[in-house]
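Chemist: First, the structure itself, so that you have it in front of you.
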């Protein structure tokens, strides 16, 4: 790893510079070689192979046989379970992402004001975020137990009869969304970091000008933290569309496929039924959806996100 | 509100300044108390399930769902520990998880330090292209690459071993870690490197003697994230590991949940045993974690 020393005196200027560059190029390639090799082996090759598989019939044992776009047309036009999975994932995403953003933002605002025992509160609100999805799933299966589970006991206090959450086709998905919101700690902490950068002087100036609390939030704070909102929105959006462990552990996709999400259907197709070509086509549709959604949110936000204050 | 403030200051003309200051102080303290009460009302949603989990892990079977809720088990059922270990091979799951996690931390820290250095402290044509490729790998969903990788690893006989979970980390498979280290190094002053270069130091020396010590905070963040992701990962172990003796804690827990969905005290004790190490690491590394959020540059 001993590269040429830079102390050497180059004979000609142009020649010296080019040998400099050459040496830098080699050093750069050597230092980044782990990633370059890893990229070729674990990203570039699989990406190409996965697209090829998506055009084939492939079961891991026999060689893939080319069938054109059959996998894609089957998925979109004749697989009703696929459409169910797509619909369930959309439901989960559309409900959980905005809810998570609003709840996390409100809690971050709360944790950013002067509170007694603020450090303790911050830790308590954050803790669920470091609970692994599998643990959260097992724990909330108990929380949502219709007989003696915490959630329904809490609802009983307000004389609301709690549903049979995970056993009901209507309530199983809201239950998953509830657990997702419970684990929003990371989103809260990222918001909190953004809020701490909003100068107190700006808020006070707005208050002196007669702005009420709501106006301070919507006209001063939200614009100032808009890049953070966009970041949280996109990360949560991508995460929600790929959700796997929580429904897998809590409902296994049931009851009656009410919580069968995209990634679980794909997992079953690939590693349960060994329809690897079919599952690869699903992966590419997912990739496309996520790419388009990310692109749209970046585009739409362009005029609304201000990087001025941060 | 303004009316009452006027009333007070007009009845006590003599010391309006002091009075106003006292009024503001009282109002601020009242506001602080009010928001603390709000925080205390909302906090059970986040904290109660974890407290319940710890309590249930040492309850008798019949008390788990007793009404009203028993927040402190009575009596403490220490026998649950034995009963849990009978159905949940905690020690062997823990060893597997520790082996995988430890190896991934080393791989991630080492590769992201090397690559991060190459992407920030050496000027070479093509550097930006490699950096953009790093960014691109960050947004690629695992699901797109998992099927060919599974086919590849099954061809070389790596399925049902730890290798598919560990080896990629040594090759910079985690783009986010490279990104973090690179961002961190970009903000460091160039002078130290220039001085070393003038003294005739090669890049290898610059990396080892200057970059690594300077980048320790960023590398700590990368190691912490690698720990949390690997410790809690479910999908990759689920795909690659099939023999129960090779399971990680997450797979073992899912297996236990699938086999004995109603052994609540045992399930909650297993839950607690898995979460406690993560919580302890978090408490010790809280500062590092917060630093990590700053490092991403999103604020």
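The values are calculated or read from the model by the stated rules, or taken from the named source; none is laboratory data. Since this is a predicted model, take the numbers as computed values, not measurements. FYI the Cβ positions are ideal-geometry reconstructions off the backbone, even for glycines, and counts take in every protein chain you see.
Chemist: Taking the condition of being more than 9 Å from chain B (Cβ to nearest Cβ) and over 18 Å from the mean Cα position of the chain (by Cα), how many residues in segment A:261-276 meet it? Quick ask: steps written out before the conclusion?
Modeler: The first filter runs over segment A:261-276 and keeps only residues more than 9 Å from chain B (Cβ to nearest Cβ), leaving A:261, A:264-265, A:268-269, A:272-275.
Now narrow it down to the ones that are over 18 Å from the mean Cα position of the chain (by Cα): A:265, A:268-269, A:272-275.
So the answer is 7.
Chemist: Let me ask something else about it. Return the residues of segment A:267-284 that are out of contact with any strand residue (DSSP E or B) (no Cβ under 9 Å at 6 or more places or on another chain), touching a residue at least 40 places away in the same chain (Cβ under 8 Å) and assigned to a helix (DSSP H, G or I); say none if nothing qualifies. Break it down stepwise before answering.
Modeler: Taking segment A:267-284 and keeping what is out of contact with any strand residue (DSSP E or B) (no Cβ under 9 Å at 6 or more places or on another chain), we get A:267-274, A:279, A:281-284.
Those still in the list that are touching a residue at least 40 places away in the same chain (Cβ under 8 Å) too: A:274, A:281-284.
Those that are out of contact with any strand residue (DSSP E or B) (no Cβ under 9 Å at 6 or more places or on another chain), touching a residue at least 40 places away in the same chain (Cβ under 8 Å) and assigned to a helix (DSSP H, G or I): A:281, A:282, A:283, A:284.
Chemist: Going by the conditions given, is residue B:161 more than 12 Å from chain A (Cβ to nearest Cβ) and not in a helix (DSSP H, G or I)?
Modeler: Numbers: more than 12 Å from chain A (Cβ to nearest Cβ): yes; not in a helix (DSSP H, G or I): yes.
Here the answer is yes, as residue B:161 does meet what is asked.
Chemist: So, one more: Look at residue B:205 and say whether it is without any contact (Cβ under 8 Å) to a residue 60 or more places away in the chain, assigned to a helix (DSSP H, G or I) and crowded, with 16+ Cβ neighbours inside 10 Å. Working first, answer last.
Modeler: Details: without any contact (Cβ under 8 Å) to a residue 60 or more places away in the chain: yes; assigned to a helix (DSSP H, G or I): yes; crowded, with 16+ Cβ neighbours inside 10 Å: yes.
So residue B:205 fits the description; yes.
Chemist: Kindly provide the set of residues from segment A:139-170 that are in contact with a helix residue (DSSP H, G or I) (Cβ under 7 Å, 6 or more places away or on another chain), within 11 Å of another protein chain (Cβ to nearest Cβ) and not in a helix (DSSP H, G or I), ordered by number.
Modeler: Those that are in contact with a helix residue (DSSP H, G or I) (Cβ under 7 Å, 6 or more places away or on another chain), within 11 Å of another protein chain (Cβ to nearest Cβ) and not in a helix (DSSP H, G or I): A:144, A:146, A:149.
Chemist: Further question on the same structure: Check A:234, A:217 and return the single one that is assigned to a helix (DSSP H, G or I) and either modelled with pLDDT of 90 or more or surrounded by 20 or more Cβ atoms within 10 Å (Cβ to Cβ) (or both).
Modeler: Details: A:217 fails: either modelled with pLDDT of 90 or more or surrounded by 20 or more Cβ atoms within 10 Å (Cβ to Cβ) (or both).
Testing whether each residue is assigned to a helix (DSSP H, G or I) and either modelled with pLDDT of 90 or more or surrounded by 20 or more Cβ atoms within 10 Å (Cβ to Cβ) (or both) leaves just A:234.
Chemist: Something else about it: Name the residue, out of B:253, B:273, that is over 12 Å from the mean Cα position of the chain (by Cα) and more than 7 Å from every other protein chain (Cβ to nearest Cβ). Break it down into steps so the answer makes sense when it comes.
Modeler: Values: B:253 fails: more than 7 Å from every other protein chain (Cβ to nearest Cβ).
None of the other options fit; the residue is B:273.
Chemist: Quickly run through segment A:290-310 and pick out the residues that are under 21 Å from the mean Cα position of the chain (by Cα), touching a residue at least 24 places away in the same chain (Cβ under 8 Å) and facing another protein chain (nearest Cβ under 10 Å).
Modeler: So in segment A:290-310, the residues under 21 Å from the mean Cα position of the chain (by Cα) come out as A:290-302, A:305.
Subset that is touching a residue at least 24 places away in the same chain (Cβ under 8 Å): A:290, A:293-294, A:297-298, A:301, A:305.
Of everything in segment A:290-310, those that are under 21 Å from the mean Cα position of the chain (by Cα), touching a residue at least 24 places away in the same chain (Cβ under 8 Å) and facing another protein chain (nearest Cβ under 10 Å) turn out to be A:290, A:294.
Chemist: Taking the stated definitions as given, is residue A:130 farther than 21 Å from residue B:41 by Cα, without any contact (Cβ under 8 Å) to a residue 60 or more places away in the chain and under 29 Å from the mean Cα position of the chain (by Cα)?
Modeler: Values: farther than 21 Å from residue B:41 by Cα: yes; without any contact (Cβ under 8 Å) to a residue 60 or more places away in the chain: yes; under 29 Å from the mean Cα position of the chain (by Cα): yes.
Considered against the rule, which asks whether it is farther than 21 Å from residue B:41 by Cα, without any contact (Cβ under 8 Å) to a residue 60 or more places away in the chain and under 29 Å from the mean Cα position of the chain (by Cα), residue A:130 comes out as yes.
Chemist: Considering only segment A:199-214, how many residues are in contact with a helix residue (DSSP H, G or I) (Cβ under 8 Å, 6 or more places away or on another chain) and either surrounded by 18 or more Cβ atoms within 10 Å (Cβ to Cβ) or farther than 27 Å from residue A:126 by Cβ (or both)? Don't jump to the end; show me each part of the working.
Modeler: First, the residues of segment A:199-214 that are in contact with a helix residue (DSSP H, G or I) (Cβ under 8 Å, 6 or more places away or on another chain): A:202-203, A:206-207, A:211.
From what is left, the residues that are either surrounded by 18 or more Cβ atoms within 10 Å (Cβ to Cβ) or farther than 27 Å from residue A:126 by Cβ (or both) are A:206-207, A:211.
Adding up the residues that qualify gives 3.
Chemist: I'd like to check something: does segment A:64-73 contain any residue that is touching a helix residue (DSSP H, G or I) at 6+ places or on another chain (Cβ under 7 Å) and without any contact (Cβ under 8 Å) to a residue 12 or more places away in the chain? Don't jump to the end; show me each part of the working.
Modeler: Step one: filter segment A:64-73 for residues touching a helix residue (DSSP H, G or I) at 6+ places or on another chain (Cβ under 7 Å), giving A:64, A:71-72.
Keeping just the survivors that are without any contact (Cβ under 8 Å) to a residue 12 or more places away in the chain gives none.
Checked segment A:64-73: no residue is touching a helix residue (DSSP H, G or I) at 6+ places or on another chain (Cβ under 7 Å) and without any contact (Cβ under 8 Å) to a residue 12 or more places away in the chain.
Chemist: Can you spot a residue in segment B:53-63 that is surrounded by fewer than 14 Cβ atoms within 10 Å (Cβ to Cβ), assigned to a loop (DSSP other than H, G, I, E, B) and in contact with a helix residue (DSSP H, G or I) (Cβ under 7 Å, 6 or more places away or on another chain)? First the steps, then the outcome.
Modeler: Of all residues in segment B:53-63, those surrounded by fewer than 14 Cβ atoms within 10 Å (Cβ to Cβ) come to B:62.
From what is left, the residues that are assigned to a loop (DSSP other than H, G, I, E, B) are none.
Looking through segment B:53-63, none of the residues is surrounded by fewer than 14 Cβ atoms within 10 Å (Cβ to Cβ), assigned to a loop (DSSP other than H, G, I, E, B) and in contact with a helix residue (DSSP H, G or I) (Cβ under 7 Å, 6 or more places away or on another chain).
Chemist: Something else about it: I'm checking my understanding of the structure. Among residues of segment A:52-63 that are more than 9 Å from chain B (Cβ to nearest Cβ) and out of contact with any helix residue (DSSP H, G or I) (no Cβ under 6 Å at 6 or more places or on another chain), which one is surrounded by the fewest Cβ atoms within 10 Å (Cβ to Cβ)?
Modeler: Looking at the filtered set, the residue picked out is A:61.
Chemist: Right, here's the next one. Before we move on, is residue A:226 more than 10 Å from every other protein chain (Cβ to nearest Cβ) and under 27 Å from residue A:112 (Cα atoms)?
Modeler: Numbers: more than 10 Å from every other protein chain (Cβ to nearest Cβ): yes; under 27 Å from residue A:112 (Cα atoms): yes.
Judged against the criteria, residue A:226 is a match.
Chemist: Name the one entry in A:190, A:243 that is touching a helix residue (DSSP H, G or I) at 6+ places or on another chain (Cβ under 9 Å), within 21 Å of residue A:128 (Cα to Cα) and assigned to a loop (DSSP other than H, G, I, E, B).
Modeler: Details: A:190 fails: assigned to a loop (DSSP other than H, G, I, E, B).
Going through A:190, A:243 in turn, just one is touching a helix residue (DSSP H, G or I) at 6+ places or on another chain (Cβ under 9 Å), within 21 Å of residue A:128 (Cα to Cα) and assigned to a loop (DSSP other than H, G, I, E, B): A:243.
Chemist: While we're here: So which residues in segment B:111-132 are closer than 17 Å to residue B:168 by Cα and within 7 Å of another protein chain (Cβ to nearest Cβ), if there are any at all?
Modeler: Within segment B:111-132, the subset closer than 17 Å to residue B:168 by Cα is B:111-116.
Selection gives B:111, B:114, B:115.
Chemist: Also, quick follow-up: Look at segment A:121-138 and say how many of its residues are facing another protein chain (nearest Cβ under 9 Å) and either at pLDDT below 90 or closer than 22 Å to residue B:31 by Cβ (or both).
Modeler: At the first step, the residues of segment A:121-138 found to be facing another protein chain (nearest Cβ under 9 Å) are A:121, A:123-128, A:130-138.
If we keep only those that are either at pLDDT below 90 or closer than 22 Å to residue B:31 by Cβ (or both) too, we end up with A:121, A:123-127, A:130.
Summing the residues that are facing another protein chain (nearest Cβ under 9 Å) and either at pLDDT below 90 or closer than 22 Å to residue B:31 by Cβ (or both) in segment A:121-138 gives 7.
Chemist: Look at residue B:146 and say whether it is surrounded by 15 or more Cβ atoms within 10 Å (Cβ to Cβ), at the interface with chain A (Cβ under 8 Å from one of its Cβ atoms) and in a loop (DSSP other than H, G, I, E, B). Talk me through it step by step, then tell me what you get.
Modeler: Working: surrounded by 15 or more Cβ atoms within 10 Å (Cβ to Cβ): yes; at the interface with chain A (Cβ under 8 Å from one of its Cβ atoms): yes; in a loop (DSSP other than H, G, I, E, B): no.
No: the conditions fail for residue B:146.
Chemist: Scan segment B:240-277 residue by residue and report those that are over 30 Å from residue A:147 (Cβ atoms) and part of a helix (DSSP H, G or I). Explain how you work it out, then say what you get.
Modeler: Looking only at segment B:240-277, we keep the residues that are over 30 Å from residue A:147 (Cβ atoms), and these are B:240-248, B:277.
Passing the criteria: B:240, B:244, B:245, B:246, B:277.
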